[in-house]
Amino acid sequence: MNPSEKSNSINTENGNDINQIKDDNLNLSDKDNQTSLEDDRYVFGWGQYSEITNGRFAMIGFAAIILIEIISKKSFLDWAGIIH
């Protein structure tokens, strides 16, 4: 066997190993995706979904307060009548 044939056989063997590793990684990522989809489902009480939703509404509220202050040129507390 000449050196080029020998290197091809080694590359073929390594290629099969690499393909097997890639297949294993793809299967692991499918399991991880399934787990993350299960975590995103709504459950009653304190959960990841509830915290994410609460955070999103807080960001919307904060942006609304900033817009009110920009448009009215008053602080939000003064605009709302909390501080006179």
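Taken together, the values in this text are just the output of simple stated rules run on the coordinates, not laboratory data. What you see is a predicted model, and the numbers here were worked out from it, not measured in a lab. We place every Cβ from the backbone using ideal geometry, glycine too, and count neighbours over all the protein chains shown.
Key figures
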quantity	calculated
Where labels lie 7 Å past Cα in the beta-carbon direction, separation of LEU67 and ASN54 in nm	2.5
Rg to Rh quotient for region 43-84, alpha carbon positions, Kirkwood Rh	1.22
In nm, spacing of pseudo-spin labels at ILE82 and VAL43 (7 Å Cα→C-beta vector)	3.4
